[in-house]
Each structure stands twice: as structure tokens, then as C-alpha cells.
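A.B. asks: Once you've had a glance at the structure underneath, I'll fire off some questions.
Here, each number is a calculation from the coordinates, and none is a lab measurement. Remember, it's a predicted structure, so these values are computed and weren't measured experimentally. Quick reminder, even Gly has a Cβ in these numbers, built from the backbone with ideal geometry, and neighbours come from all protein chains shown.
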Amino acid sequence: MLVPDSWELVRRAADGSEKIMGRGVLGYDVTPDGSIIYTDGRAVYRCVPDGKPEKLLEHFPIEKIVALE
């Protein structure tokens, strides 16, 4: 484990409600279509709005992540 599970990526809606998008998140970015990509340092995941995370790839180590068009 590179980062603790307490490092959560949380989406806060306009009404103040919150949804945990990922745990153990080392870095993230938002794509032009509103999807979120994030890494825990060992894999890259993609979350669409109101969707479940999908693992895109595994690699170690992943230090940074950037969404490109």
C-alpha cells in the first residue's frame, strides 16, 4: 500500500451530498467528458459520473496522472 485508505476521493454535489469515488487515492484528474481518472500508485481507474470505478491498467509505480483529450 502506497497511501492509506483514508485518502479518499470524494465527489460533492451542488446539494452538499457526498459520494466516495475511490479510496487510497494518490492522484486524480477530470477528463473533458466529466469522467474521473485516479491512481492508487499501482493501477489506474476511471469513474464515469454516478458510475462504478473501472480498472484501466496495472503498473507499479504510478506517481502522477493526467487526463488528455
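A.B. asks: From the set of residues in region 33-44 that are of a type outside the set (Gly, Ala, Ser) and in contact (Cβ under 8 Å) with a residue 24 or more places away in the chain, which is surrounded by the most Cβ atoms within 10 Å (Cβ to Cβ)? Give the steps one after another, and end with the answer.
C.D. replies: In the first step, residues of region 33-44 are kept if they are of a type outside the set (Gly, Ala, Ser); the result is 33, 36-40, 42, 44.
Going one step further and asking which of them are in contact (Cβ under 8 Å) with a residue 24 or more places away in the chain, we end up with 36-40, 42.
Values: Ile36: 21, Ile37: 19, Tyr38: 21, Thr39: 25, Asp40: 20, Arg42: 14.
Among those that are of a type outside the set (Gly, Ala, Ser) and in contact (Cβ under 8 Å) with a residue 24 or more places away in the chain, it is Thr39.
A.B. asks: Further question: Please identify the pairs in which a residue from region 10-32 that is under 13 Å from Val66 (Cβ atoms) has its Cβ atom under 6 Å from the Cβ atom of a residue that is surrounded by fewer than 14 Cβ atoms within 10 Å (Cβ to Cβ), counting only partners at least 6 apart or on another chain.
C.D. replies: Gly27/Lys64; Asp29/Val66; Pro32/Glu69
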